[in-house]
Amino acid sequence: MRIWKYEVAVGLEHFIKIPKRAKILTFQNQSERATLWVEVDVSDPNIQMEMEAEFRNVQLVMTGQNSPNGAHYIGTAQFANGSFVLHAYDLGA
């Protein structure tokens, strides 16, 4: 298994290309950049970024907003010394 990271542009909804059987682990702030960490089984012969990838719908929600229905919570990240907080949800492929 390997851990890969993906930067997420700050906005409300994103489609991020990751391997199909990858597991989204967490969403956090890294150097003031919204970042997802994903676990990938690189020993799986079916994992090939170009052929076996999918676009996962990740939605970012600010504190006080409604969370998306049917979504899986990923994590929370604080920016600008805690004055801007985003919560990430995985809505699947």
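Computed over protein heavy atoms with a 1.4 Å probe, the accessible surface of the chain works out to 62 Å² per residue.
At full extension, Arg33 and Met1 could sit 9.1 nm farther apart than now, given 0.36 nm per residue minus the alpha carbon distance. Sparsely packed loop sites in region 1-31 (the trypsin sites (Lys or Arg not before Pro) outside DSSP H, G, I, E and B with at most 13 other Cβ atoms within 10 Å) comprise Arg21. Can you give the extra length, in nm with one decimal, that the chain gains between Phe15 and Ala71 once fully stretched, where that is 0.36 nm per residue apart less the Cα-Cα distance? Length gained, Phe15 through Ala71: 18.8 nm.
Annotation: amide H of Val8 within the under-5 Å range of Ala34, Thr35, Leu36, sequence separation 5 or more or interchain, hydrogens built in the peptide plane. Computed over the Cα atoms of the chain, pair by distinct pair, the Kirkwood hydrodynamic radius stands at 13.7 angstrom. Taking only protein heavy atoms and a 1.4 Å probe, the accessible area of the chain is 47% carbon and sulfur.
Return a whole-number percent for the relative contact order of the chain, with Cα pairs under 8 Å and 6 or more residues apart as the contact set. Can you show the working numbers first?
Details: 198 pairs, mean separation 28.4, N = 93.
Result for the chain is 31 percent.
Packing around the peptides 59-68, 31-40, taken as the average count of other Cβ atoms within 10 Å per residue, puts them in this order, highest first: 31-40, 59-68. In the chain, taking the dipole from charged Cβ atoms about the Cα centre, the farthest positive-side position among Ala80, Ala93, Val8 is held by Ala80.
The values are calculated or read from the model by the stated rules, or taken from the named source; none is laboratory data. This one's a predicted model, so the numbers in the text were calculated from it and none came from an experiment. For neighbour counting, all protein chains shown are included, and Cβ atoms are generated from backbone atoms with ideal geometry for every residue, glycine included. The area values use the complete protein model at the heavy-atom level, side chains included, leaving out ligands, DNA and RNA. Shrake-Rupley method; radii C 1.70, N 1.55, O 1.52, S 1.80 Å.
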